[in-house]
1. Can you tell me how many residues in the stretch 1-56 are open to solvent by 40 Å² or more (accessible area, probe 1.4 Å) and of a type in the set (A, V, I, L, M)?
2. Any idea which of (1) touching a helix residue (DSSP H, G or I) at 6+ places or on another chain (Cβ under 9 Å); (2) open to solvent by less than 70 Å² (accessible area, probe 1.4 Å); (3) at pLDDT below 95 is the one residue 298 doesn't satisfy?
3. Can you tell me which residues in the stretch 333-344 are surrounded by 14 or more Cβ atoms within 10 Å (Cβ to Cβ) and either outside any loop (DSSP other than H, G, I, E, B) or touching a His at 6+ places or on another chain (Cβ under 9 Å) (or both)?
4. So residue 275 ticks every box in (1) open to solvent by less than 60 Å² (accessible area, probe 1.4 Å); (2) over 23 Å from residue 369 (Cα atoms); (3) modelled with pLDDT under 95 but one. Which box is left unticked?
5. When you scan the stretch 216-234, do you find a residue that is over 14 Å from residue 254 (Cβ atoms), out of contact with any strand residue (DSSP E or B) (no Cβ under 8 Å at 6 or more places or on another chain) and among the hydroxyl-bearing types (Ser, Thr, Tyr), even just one?
6. Which residues, taken from the stretch 169-195, are under 24 Å from the mean Cα position of the chain (by Cα) and not β-branched (Val, Ile, Thr)?
7. Out of (1) buried (at least 24 other Cβ atoms within 10 Å of the Cβ); (2) on the phi > 0 side of the Ramachandran plot, the odd one out for residue 112 is which?
8. Restricting the first residue to the stretch 150-172 and requiring it to be under 23 Å from residue 216 (Cα atoms), which pairs with a second residue that is open to solvent by 40 Å² or more (accessible area, probe 1.4 Å) and in a strand (DSSP E or B) meet a Cβ separation below 9 Å and a spacing of at least six or different chains?
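The values are calculated or read from the model by the stated rules, or taken from the named source; none is laboratory data. The shown structure was predicted, so the numbers you read here are calculated from the model rather than taken from an experiment. Cβ placement follows ideal geometry from the backbone for every residue including glycine, while neighbour counts extend to all protein chains displayed. Note: accessible area is taken over every heavy atom of the protein model, side chains too, but ligands, DNA and RNA are not part of it. Shrake-Rupley method; radii C 1.70, N 1.55, O 1.52, S 1.80 Å.
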Amino acid sequence: MKIIIAPDKFKGSLTSFEACQSISRGIRKTNKKIIVSEFPMADGGDGFAMVLKHYLKTVTINCDTVDPLGRKISASFQWNENQKTAVIEMAVASGLVLLEEKERNPLYTSSLGTGLLINHAIDQGAKKILLGIGGSATNDGGTGILSALGFQLANEKGDHLQASGENLLLIKKIIPPSFIPAVKFELACDVHNVLHGPDGAAYVYAPQKGADAKQVLMLDHGLKNLAQVIKQQTGKDISNIPGSGAAGGIAAGLLPFFDVEMKNGIALIIAASGVEKHLPNADLVITGEGKIDSQSSAGKVVGHMAALAKKHQLDCIAFCGSMELDEIAVRRLGVKEIITLMDERTGREDAVINAATLLEEKASQMIKML
């Protein structure tokens, strides 16, 4: 029997690499004859760069940058010299995880740190940048990145503005540098939200980043102002482009000035992994993530792996910490079975702390039942 193991991370507990190892150990503990192939996965969020490093054999470049509040930190990106390609994860410099709960407020955060990483990559010789934009703490319309790349933001008096969510309303002009580098961006984007409005960056995501109702309204108006300024200057309307609202509007700032392509994050990982070519000879697909809910079918690892399994007429079993789907939704997701770490004997805290052991045990039990 041949089994493909291709989970996402279990956020707060296990990386996708560790999840693969736990599932493999559980399977082999029960049946050593089963052939197991591990394919750690990720979407455009946490883990994106390290998973691509695994498949693309990149090297890690360490450099100085700043966190979402402008404090000096060290971070890294992945570099492929032959392809002149950098893989950058927004979360390592502009991520919510870098801030304490009380510090989280997208009025004051910016994507400057991610822009500094991009600048380092360009200095390295990058012609293409794969940017994973999940997990951001920002809602600045990508103005922080633009600032790091030499663009200036000005108010109606012509005064220089720092990039932040709060200052979006004050921007009246974006002044490009004398030289804009010829670099292509591929944004690993797993959502389709537009820039502003009820389905835009501020209304949908800013509350998760610490904004209250009044601040959400202010941020939304700021993003609308940014779109108007960009349209006046460049003639490009970036307001209603699907995905332009992801990560606080990162794409909105880049699209008018650079060659930008929005790509599904998990699709990028699946292509890099080559997992699909192994499916015709497999008997079962195992996937998983920390929480399986209504979002799992939309741009997430579990939904994509279930679809790939179905394409090759294979059963797919998913592991997760917790599940928020009814039977109809489970069938719609396309998995044969969902196995949770949490049960009547295991609470949330226990499932988080002991995820590796529990996942191994559940995988072992699952094999016995096949």
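1. 4
2. Among (1) touching a helix residue (DSSP H, G or I) at 6+ places or on another chain (Cβ under 9 Å); (2) open to solvent by less than 70 Å² (accessible area, probe 1.4 Å); (3) at pLDDT below 95, the lone unmet condition for residue 298 is (1).
3. Narrowing the stretch 333-344 to residues surrounded by 14 or more Cβ atoms within 10 Å (Cβ to Cβ): 333-336, 338-342.
Within the stretch 333-344, 333, 338, 339, 340 meet the criteria.
4. (3)
5. no
6. The initial filter retains those residues of the stretch 169-195 that are under 24 Å from the mean Cα position of the chain (by Cα), namely 183-195.
Across the stretch 169-195, the qualifying residues are 184, 185, 186, 187, 188, 189, 190, 192, 193, 195.
7. If we test residue 112 against (1) buried (at least 24 other Cβ atoms within 10 Å of the Cβ); (2) on the phi > 0 side of the Ramachandran plot, just (2) comes out false.
8. Going by the 9 Å Cβ cut-off, the qualifying pairs are 153/160; 153/173; 153/175; 154/160; 154/173; 154/175; 155/173; 161/152.
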